[in-house]
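Here's the structure we're looking at; comments come further down.
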Amino acid sequence: MKKITRITGWQAFWPIMILLGILIFNVIITGGSFLEMKIVDHHLYGRIIDIIRNGSKLMLLSIGLTLVLATGGTDISVGSTMAISGAVACSIISGTLLTGVGGNVFVAILVALLAGAACGAWNGFLVSKIKIQPIVATMILMVAGRGIAQLITRGKIVTVNSDAYYFINGGYIFGLPFPLFIVGFALLLSLLLTKRTAFGLFLEATGCNSNASKFTGIHVSKIKFLVYTCSGILAAIAGLIESAGIKGADCNNAGLMIELDAILAVAIGGTSLNGGRFSIPASIVGAIILQSITTTVYAIGVPPEIIQVIKAVLVIIICLFQSTQFKTAMMNKLRIRKVA
Amino acid sequence: MNTEPILIELLHITKKYSEAVVALNDVRFQLNRGEIHALLGENGAGKSTLIKVLTGVEKRNSGIISFEGKEINPRSPQEAQDIGISTVYQEVNLCPNLSVAENIYIGREPKKGGRIDWNAINNQAKKLMEKFDLDINVTKRLDSYSVAIQQMVAIARASDISAKVLILDEPTSSLSRLEVDKLFDTMRLLRSQGMGIIFVTHFLDQVYEVTDTITVLRNGEYVGTYATAQLSRVELVGKMIGKEYSQISDKLQPHVEAETEGKLFADLQEVTGLGTVRDMNMSICYGEVLGLSGLLGSGRSETARLIFGIDKIEKGDLEIKGERVSLKSTLDAIKAGIAFCPEDRKTDGIVGDLSVRENIILALQAKKGMLNRITRQEAEEIAEQYIKKLEIKTPTSEQLVKNLSGGNQQKVILARWLATNPELLILDEPTRGIDIGTKAEIQKIVTDLAKQGMAVIFISSEIDEMLRCCSRIAILRDYKKIAEIKGSAISEQTIMRYIAGGEIDEKDY
């Protein structure tokens, strides 16, 4: 019994159950074809692979947002940061920016990541030093970011022609899509950072009670600065995957509204938006849940115009399942019925 | 017009937040026409709760409120204001981005032909301000004036709504001496017009300067109402902290005798904080418990905050072990061997949603740095060690701290600091709101630590406790150290005499 409560008490338990539910539903409605995988040219293809590949951006963002939300903040500029990162990388590769490097892909990626870090650092500066409310502080970049991206691309959609760059989204290693490895690497790094150093503890303490944390000697503003910077870098990576996928930088549409999905993914993963306890794996599961819902809704042929509504309803149900109050209320109801 | 002298009468007011938390117990209060009435009491005495009950912010459990002889039941500050009871809070609650005139007439703008008559507003506002001897441009934004003027505007607005009762809730804490004088002139003017004023403050000097009557509350109970002119300061302090001056025997000597002077740990020289403590000289030695005594707002906690690096030292030197230091953050202070249990356990102390184990290792972890992680096993050992040592009552070290009782939370914070192995431990009201048993335990821990050689600064509003724990006591008043007593000179009488300050009535001895 104790073992069971330990497993159900794990933050990622309910998200995983929900995900399994969605997957099983998919298997049933597709009559099994959902699970089918084909190997073509040593590459794995199939629905599940699609979900993971398409969800990779969301997963990356949800890692960064888990850290930000754990401090009690929020970051709604990640979509714009994606656009900036894509714009920087594509402009360098196509030779309109930093012409000196001659379109070197590695330089392009590096500069794009730096740009993402700078965006994150800017948010971190506004939140931790100027002490602007996080949602307002990051809204500045959310609005201005797309303009900055337009400036970088001079208002055009920049297309690139580089197989090395396409590899970021479309490449395969050991038969698995490359974005999967990026997510795995980011997950590993973030777990090392939060579990093998005291960063995780400081994050939770800051999110629970930043005042008391300051009194115990934690540099709360440094912690905050750091998480926004991490979020910026992860958004930049997501931006690279996005632009490599469409083989160009589309400043107006890259990562549009994705910040809301990312926050939702973290919420589905059970991390409170008020800060405190967090779980990065649970957020990743949350991101996969969102991606599979999208895939499912398309698969069962819901008309595109009401997809958002269906998604909203599903999200409400998931959030109810995550709420302790709801769970205890349901348990009590069940118990009463049993007694009666 | 009703000419009955009694404006407000509160009888048998009881307010319980829960069965255990009784904020007011059978309290009465009476305000007359043309009277400035001080409402006094230490923190938690029930002053603000009484104000809230009177103005309808909080619902009372029982009791009667009557206004000019008629029973009233205001359900909101708005209703209270309509009856004639206006409140001006410490924080001005007007609209800073509107003009002075707009602020005065907001919600009751004079209209002409369906449109707001701006000329009337501005002219009337100007006249009103002149009545208060304030020559300001009423069309300028409110926030372009000082807090004092803003407060005056709030008072003017309240008096103009023909308020008969004005409640001033600690209006002077952010005002300069000159501004306070101005405020007092205004209060006297209103008094002469027959208004009744309730004045909540913790500055005794001001009580004696401006009030006619004093009502004292203590621990939610009514202590008494006195004519200001007939109550000496020492008596007043006695009423507030619950000791009759004449009853105090000198038997309560400190049991921690001042031992031979220990080695100096920290030395404050002419330390001044921004808007707080002024020219503080103080030394703290190993092996002693130094008490900081004084009323709320005397600079006790502020001194502690300066030593712990929370607030910046504006002027003067802080020397630790003979070396001048400048503490830029709490972490610097922790690294210098200082630990601090803050006054407000809930907001500044515990991290409620984390476990006992995590709360205990938090400061040690911060001291060690982020990369030098304390492993789970080490953390559990540290936690178990202190749970045992301080007898913290918790089922396991994984229990969330918010589920512990107040006393055990305080012990967790104490454990957190002891884990960092500090040389100076600062305790700000460590036993507030804690049951008697745990209180005694904490006091014993403190004196034991000093015996083992730790330097301790102990801050408490309870003089008994100070007598029991401290070997030396510095007394603060109005952000200044006014005396230091030690050893056999420590007695309740001396402390109270210094806390009260001002001229001391000889016959009281």
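Helix B:406-418 and the longest principal axis of the Cα set of chain B meet at an angle near 50°.
Compute the angle between helix B:147-160 and the longest alpha-carbon principal axis of chain B, please, reported from 0 to 90 degrees and rounded to the nearest 10. Tilt relative to chain B: about 40 degrees. Over the residues of the protein assembly as shown, the helix contribution to mean residue ellipticity at 222 nm works out to -15000 deg cm²/dmol, using -39500 (n - 2.57) for each DSSP H run of at least 4.
Measuring nothing but how far apart in sequence close Cα pairs (under 8 Å, 6+ apart) lie, relative to its length, chain A scores a relative contact order of 32 percent. Among A:327, A:57, A:129, the largest mean-square fluctuation in a Gaussian network model of chain A (Cα springs under 10 Å) belongs to A:327.
Which of the residue pairs B:367/B:402; A:129/B:315; B:164/B:481; B:315/B:368 have a Cα-Cα distance greater than 32 Å in the structure shown? With Cα atoms farther than 32 Å apart: B:164/B:481.
Quick one: if the Förster radius is 22 Å, what FRET efficiency do residue A:44 and residue A:247 give, using the C-beta to C-beta distance and rounding to 0.05? About 0.50, to the nearest 0.05.
Here the stretch A:54-301 exposes an accessible surface that is 67 percent carbon and sulfur, computed with a 1.4 Å probe and the other protein chains kept in place. Taken over the C-alpha atoms, the stretch A:154-307 has Rg and Dmax values of 18.4, 56 angstrom. Just how far, in whole angstrom, is the stretch A:175-217 from the stretch B:266-291 if you go by their alpha carbon centroids? Computed from Cα coordinates, the inter-centre distance equals 40 Å.
Which of these, A:267, A:287, A:329, has the largest mean-square fluctuation under a Gaussian network model of chain A (Cα springs below 10 Å)? It is A:329.
With only the Cα atoms considered, chain B has a convex hull volume of 178 Å³ per residue.
When both the stretch A:44-110 and the stretch A:253-328 are represented by their alpha-carbon centers, they are found 20 Å apart. Once the partner protein chains are put back, the stretch B:359-396 shows a loss of at least 20 square angstrom of accessible area, versus the chain by itself, at B:362, B:365, B:366, B:370, B:371, B:373 (probe 1.4 Å, ligands and nucleic acids excluded).
Sparse packing (at most 14 other Cβ atoms within 10 Å of the Cβ) combined with a DSSP loop state is found for the following GluC sites (Glu not before Pro) in the stretch B:68-121: B:91. The amide H of residue A:97, built 1.01 Å from its N in the peptide plane, has A:92 as neighbours under 5 Å, considering only residues 5 or more places off or on other chains. Among the protein heavy atoms, those of residue A:264 account for about 50 Å² of accessible surface (1.4 Å probe, every chain in place). Rg/Rh for the stretch B:97-171 (Cα atoms only, Rh after Kirkwood) is 0.97.
Here's how it looks for residue B:218: its modeled amide H is under 5 Å from those of B:223, which are all 5 or more places away or on a different chain. Placing A:43, B:202, B:37 in order of accessible area, with the largest value first and a 1.4 Å probe, yields A:43, B:202, B:37.
The alpha carbon centroids of the stretch B:294-360 and the stretch B:39-115 are separated by 37 Å.
Each residue of the stretch B:471-481 was assigned a 3J(HN,Hα) from its phi angle through the Karplus curve 6.51 cos²θ - 1.76 cosθ + 1.60 (θ = phi - 60°); the sequence is 9, 8, 10, 9, 10, 10, 8, 6, 6, 10, 7 Hz, with glycine and proline shown as x. Largest first, the three principal axis extents of the alpha carbons in the stretch A:10-115 are 55, 46, 19 Å in whole numbers.
Please list, ordered by chain and number, the residues whose modelled amide H lies under 5 Å from the amide H of residue B:87; skip anything fewer than 5 residues away on the same chain. The answer is B:167. If the cut-off is 20 Å between C-alpha atoms, which lysines fall inside it for residue B:389, apart from same-chain ones fewer than 8 positions away? Excluding near neighbours in sequence, the set is B:411, B:439, B:444, B:451. Once all protein chains are placed together, residue B:335 keeps about 130 Å² accessible to a 1.4 angstrom probe.
Expressed in Å, the radius of gyration and Dmax of the Cα atoms of the stretch B:345-421 are 11.2, 33.
For residue B:66 and residue B:296, a Förster radius of 30 Å and the Cβ-Cβ distance give a FRET efficiency of 0.45, rounded to the nearest 0.05.
Spacing of the modelled spin labels on residue A:196 and residue B:452, each 7 Å from Cα toward Cβ, amounts to 3.6 nm.
Each chain gives up part of its surface: B and A jointly bury about 2000 Å² of accessible area, both sides summed, for a 1.4 Å probe. Averaged over its residues, chain B has an accessible area of 44 Å² per residue, based on protein heavy atoms and a 1.4 Å probe. Using a Cα distance threshold of under 16 Å, what count of lysine pairs results for the stretch B:1-129 when pairs must be 8 or more residues apart or interchain? Summing the qualifying lysine pairs gives 7. Stokes-Einstein diffusion for the stretch B:342-480 at 37 °C, viscosity 0.692 mPa s, with a Kirkwood radius from C-alpha pairs, works out to 210 µm²/s.
The alpha carbons of the protein assembly as shown give a radius of gyration and a Dmax of 32.8, 105 Å, in that order. Where q = 0.06, 0.07, 0.15 Å⁻¹, what log10 of I(q)/I(0) comes from the Debye formula for chain A, counting one point per Cα? The calculated log intensity ratios at q = 0.06, 0.07, 0.15 Å⁻¹ are -0.23, -0.31, -1.30.
Given a 1.4 angstrom probe, I'd like the percentage of the accessible area of the stretch B:345-421 that is carbon and sulfur, rounded to a whole number. Don't skip to the answer; put the middle values down first.
Numbers: 1550 of 3310 Å².
C and S atoms contribute 47 percent here.
The values are calculated or read from the model by the stated rules, or taken from the named source; none is laboratory data. It should be emphasised that the depicted structure is a prediction, and the values quoted were computed from it without experimental measurement. With ideal geometry, Cβ positions are generated from the backbone for all residues, glycine too; neighbour counts draw on all protein chains shown. Each accessible area value is taken on the protein alone, full model and side chains, heavy atoms only, with ligands, DNA and RNA left out. Shrake-Rupley method; radii C 1.70, N 1.55, O 1.52, S 1.80 Å.
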